[in-house]
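The structure appears below as structure tokens.
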Amino acid sequence: MADKSFFIDTTKCTACRGCQIACKQWNKNPATKTYQRGSHQNPADLSFFTYKLVRFSEIEVPGGEPKWYFFADQCRHCMEPPCMATAESLGSKAITKDEANGSVLFNTKVKVKAEDFKTIRESCPYDIPRYHEKMGVMAKCTMCIDRIKEGLLPACVKSCPTGAMNFGDRKTLVEMANKRLEEVKNLYKEAMLANADDVRAIYLLVDDPKKYHKFAVAANTIGITRKVALKRLLSPLRSLNRMIG
Ligand code: SF4
Ligand code: SF4
């Protein structure tokens, strides 16, 4: 199976939340208790049971009509996933990558300590991983690997009525994303593809990414926390000390 990617065209998203519901339904995730918080966005955030969330931002324009930005948030299935590198550096096999299609997978059968989960979450440039305290396991979007292995589209893509969610072979999807970027640049000078070379969920944004979501683009592309970097640096020295001592 070829390397896969998503292309998420936010200019076509109407915030219908079909993708969010389809994701819940396919993964048999229970509904999350929520309430009206004065925003179209609901629930408030991703969770162990919510892998896909349509984020909603209302931007006030002085003297003009407000602007609405929709951001169908999910795991980016990074090309070099910092979450996996961090888990490995902590001695955990909870995160793997499917080399055939590139999906990054959290093994819900592998227990992770709460403090290790915190470090793994901090290493994700997009703040995606979530944790179940009682079960001690992590969860997030799986790229619907069970569906794509059968030649089906991920549930979110299949349900999207506007063409905002797209999925397929990476080469084709990157071409589609670049073609669409050229089209919208006439209308939106700030149009961009967010971290396109580093991720398998490529978002087309037409304004400052921070207006969509705090983690719409990577704050840093390294994504490994100082704590983990230090641990990696020190562990060979510690082993050497033990051998000498
Ligand atoms: S977006 Fe975060 S959770 Fe998803 S693969 Fe990248 S680092 Fe891992
Ligand atoms: S299904 Fe498509 S149009 Fe509806 S919220 Fe998701 S991405 Fe947007």
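So if I restrict to the alpha-carbon atoms in the stretch 1-148, what is the Rg, and what is Dmax, the biggest pairwise distance, in Å?
Cα-based Rg and Dmax for the stretch 1-148 come out at 16.6, 55 Å.
What 222 nm value per residue comes from the helices of the chain, counting each DSSP H run with n ≥ 4 as -39,500 (n - 2.57) and dividing by all residues, nearest 500 deg cm²/dmol?
So the helix-based figure for the chain works out to -8500 deg cm²/dmol.
Work from the charge dipole of the stretch 77-216 (Cβ charges, +1 for Lys and Arg, -1 for Asp and Glu, about the Cα centre) and give the residue of PHE167, CYS144, THR86 farthest towards its positive end.
Of the options given, the answer is CYS144.
Working from the pairwise distances between different alpha carbons, so that the mean of 1/r is found and then inverted, what is the stretch 160-219's Kirkwood radius in Å? Present the calculation step by step, with values, prior to reporting the outcome.
Values: mean 1/r = 0.0817 Å⁻¹.
About 12.2 Å for the stretch 160-219.
Mind giving me the nanometre distance, one decimal, between the label points for ALA219 and ASP127, set 7 Å out from Cα along Cα→Cβ?
For the pair ALA219/ASP127, the computed spacing is 0.8 nm.
Please state the charge dipole magnitude for the stretch 32-147, taken about the Cα centre, from unit charges on C-beta atoms (+1 on K and R, -1 on D and E), reported in debye and rounded to the nearest 20.
Values: 17 positive and 15 negative charges, 96 e Å.
With only Lys, Arg, Asp and Glu charged at Cβ, the dipole is about 460 debye.
Taking the Cα centre of the chain as origin, work out the dipole magnitude from +1 charges on Lys and Arg Cβ and -1 charges on Asp and Glu Cβ, in debye rounded to 20.
Once rounded to the nearest 20, the dipole reads 940 debye.
What is the spin-label model distance, in nm, from LEU152 to GLU58 if the labels are put 7 Å beyond Cα along the C-beta direction?
Result: 3.7 nm between the two label points.
Among PHE6, GLN25, PHE71, which residue has its Cα positioned farthest towards the positive end of the charge dipole of the chain, with +1 placed on the Cβ of Lys and Arg, -1 on the Cβ of Asp and Glu, and the dipole taken about the Cα centre?
Positive-most Cα among the choices belongs to GLN25.
Expressed as a whole percentage, what fraction of the accessible surface of the stretch 18-155 belongs to carbon and sulfur atoms when a 1.4 Å probe is rolled over the protein heavy atoms? Intermediate values should be presented prior to the final figure.
Numbers: 3860 of 7080 Å².
Whole-percent figure for carbon plus sulfur exposure: 55.
The values are calculated or read from the model by the stated rules, or taken from the named source; none is laboratory data. Computed from a predicted model, the values in this text were never measured in an experiment. Virtual Cβ from ideal backbone geometry, glycine too; neighbours counted across all protein chains shown. Just so you know, the surface numbers come from the protein's heavy atoms only, side chains and all, with ligands and any DNA or RNA stripped out. Shrake-Rupley method; radii C 1.70, N 1.55, O 1.52, S 1.80 Å.
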